[in-house]
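S.K.: Got a structure here, written out as structure tokens. Questions coming.
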Amino acid sequence: MVQRDVVELDAPPRKTRVRQDPIDKYEMRRIELAEAGLKTLAKLGYAKTSMREIAENSDFTHAVLHYYFADKSDLICYSIKHFKAKCVTRYDVVVAESGTSDELLQGFIEKLKETIVNETQLHCLWYDLRSQALFEPTLRDVVTEIDESLEKMIWRIVLRYAELKGGVPSISSSCAYATLDGLFQMYLLRIVSGDAENVEHFLDEIRNIVPLLVK
């Protein structure tokens, strides 16, 4: 009797199965579909992309896409929101770990280079959708929401840079965002037009303009 008790105590604990909430499964599938859709959207753009095109360029059927998304706008809004949510947190580590203003600026520049080179078409899609929102009411809420999150991201960088410099921002949050985003979009167009040298020109512009955002 005693021996049996010892054996039971020595036995390894049973692995408990973690049951996944149905809502989590639903959202995971939507994310999976969104990432598949982004590939087609980035390649063709908003106007040329349909639900059928996305289905044909992925492992999912047209019926499956319609089960998880009401229409093309619903899928596109979800997809770009998912992509930009990752973009917004990309610079948080740089902000948190930089000990000097120079370190922060260099870290920011490196992240910008990484994304403008490796995610060029996805950024083209974002600017495409932002322009389309001027004409498509269904896109306006999500585009506005994403724009606001990007502005807050830039402002966190400016505030931390100012703190490390011992100064304060010289312009407002909206002006800082418009300045840096405007440069990004301008050089993105030049890069997709085939001039790879514009990557370094863009980074030089950022290196020169960020110090001017602080006084």
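Only the coordinates and a few stated rules stand behind these numbers; no lab work does. Just so it is clear, the structure is predicted and the values come from calculations on it, not from any experiment. FYI the Cβ positions are ideal-geometry reconstructions off the backbone, even for glycines, and counts take in every protein chain you see.
S.K.: Counting only residues that are free of Cβ contacts under 8 Å to residues at least 24 places away in the same chain, within 15 Å of the chain's Cα centre (by Cα) and surrounded by fewer than 12 Cβ atoms within 10 Å (Cβ to Cβ), how many does the range 90-120 have?
M.R.: Residues meeting the conditions: 3.
S.K.: So, in the range 26-42, of the ones that are over 17 Å from the mean Cα position of the chain (by Cα) and touching a residue at least 24 places away in the same chain (Cβ under 8 Å), which residue ends up farthest from residue 122 (Cα to Cα)?
M.R.: Per the stated criteria, the residue is 26.
S.K.: Every residue in the range 165-182 that is surrounded by fewer than 17 Cβ atoms within 10 Å (Cβ to Cβ), part of a helix (DSSP H, G or I) and of a type in the set (A, V, I, L, M, F, W, C), please.
M.R.: 175, 178, listed by residue number.
S.K.: Provide a single number: the residues in the range 54-87 that are among the polar types (S, T, N, Q), surrounded by 14 or more Cβ atoms within 10 Å (Cβ to Cβ) and more than 17 Å from residue 128 (Cα to Cα).
M.R.: The qualifying residues number 2.
S.K.: Under 27 Å from residue 38 (Cα atoms) and without any contact (Cβ under 8 Å) to a residue 12 or more places away in the chain: is that true of residue 144 in this structure?
M.R.: Spelling it out, residue 144 is indeed under 27 Å from residue 38 (Cα atoms) and without any contact (Cβ under 8 Å) to a residue 12 or more places away in the chain.
S.K.: Let me ask something else. I'd like the full set of residues that are of a type in the set (Lys, Arg) and more than 16 Å from residue 191 (Cα to Cα), limited to the range 94-145.
M.R.: 111, 130, 140
S.K.: Which is outside any helix (DSSP H, G or I), among the charged types (D, E, K, R) and more than 19 Å from the chain's Cα centre (by Cα), of 204, 195?
M.R.: Criteria check complete, one pass: 195.
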